[in-house]
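Q: Please find one structure pasted underneath; my questions will follow.
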Amino acid sequence: AEYTSGCAVPVDEAKALKLTHQSAEASYARECSYLGDDYYNGVKGLESNKEKAEEYWKLAGKGGDVVALDRLGDIEIRRGERDKAVRYWRMVAALGHKLSTDNLILTFERGWSAHEDLADSRQARDKSRAEMRSEQRDQYVAYMKSMGKLNDAYA
């Protein structure tokens, strides 16, 4: 395997998994989220384990990882726990990310959430994003857009 940057680097999956576990044990939210993904998908030598994936996503969510919080919302909606799902997706929006906006729109369109939930979430997202603004960030976003490499969920 090689990194996507084009630099051929041998990958030691066992060592990578060990280091990821160590980082997760040290409460690094992003690493907890990665482990959740790995357990969910049964990759890197791990057997698929949805319960363990959810545990790691909850740890990551406590650390503010937006991807993990979004995934937890997905889990809750599949369980029929619409209120819990909306709460997770509102947290993601309040952290300034667009990641869950589409899910919140769907819950509103299906009558599972109130207009206020959607409006409040969008206002919280916009406020958080405004607080993140800087000239350097705006230049970076413009550059990434011009290169076609910007993920709209993070714009």
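Q: For Val43 and Gln139, what does the FRET efficiency come to when R0 = 35 Å and r is the distance between their Cβ atoms, rounded to the nearest 0.05? The partial results should precede the final answer.
A: Numbers: r = 36 Å, r/R0 = 1.03.
Efficiency, rounded to the nearest 0.05: 0.45.
Q: Still on this structure: For labels at Ile105 and Gln123 in the simple 7 Å Cα→Cβ model, what's the distance in nm?
A: 2.0 nm
Q: Might you report the magnitude of the Cβ-based charge dipole of the chain about its Cα centre, with Lys and Arg at +1 and Asp and Glu at -1, to the nearest 20 debye? Mind showing how you got there, number by number?
A: Values: 25 positive and 27 negative charges, 49 e Å.
Dipole about the Cα centre, nearest 20: 240 debye.
Q: With a probe of 1.4 Å, find how much accessible area the chain has per residue, and write the answer as a whole number in Å². Don't skip to the answer; put the middle values down first.
A: Working: 9880 Å² over 155 residues.
Per-residue value: 64 Å².
Q: Shifting gears a bit: Of Lys52/Lys98; Lys50/Lys127; Lys52/Lys84, which sit over 31 Å apart, Cα to Cα? Intermediate values should be presented prior to the final figure.
A: Working: Lys52/Lys98 26 Å; Lys50/Lys127 34 Å; Lys52/Lys84 19 Å.
Among Lys52/Lys98; Lys50/Lys127; Lys52/Lys84, the Cα-Cα distance tops 31 Å for Lys50/Lys127.
Q: Continuing with this model, one more query. Using alpha carbon centroids, what distance separates segment 81-136 and segment 9-57, in Å?
A: So the two Cα centres are separated by 27 Å.
Q: Using 0.36 nm per residue of separation minus the Cα-Cα distance, give me the extension gain between Arg79 and Ala130 in nm, one decimal.
A: Residue separation times 0.36 nm, minus the Cα-Cα distance, leaves 14.9 nm.
Q: Roughly speaking, to the nearest percent, how much of the chain's 1.4 Å accessible area is carbon and sulfur? Don't skip to the end; give the middle numbers.
A: Working: 4820 of 9880 Å².
Percent of accessible area from carbon and sulfur atoms in the chain: 49.
The values are calculated or read from the model by the stated rules, or taken from the named source; none is laboratory data. As the structure is a computational prediction, the values presented were derived from the model and not from experiment. Glycine gets a Cβ as well: all are built from the backbone with ideal geometry, and neighbour counts include every protein chain shown. For accessibility, only protein heavy atoms count, side chains too; no ligands or nucleic acids. Shrake-Rupley method; radii C 1.70, N 1.55, O 1.52, S 1.80 Å.
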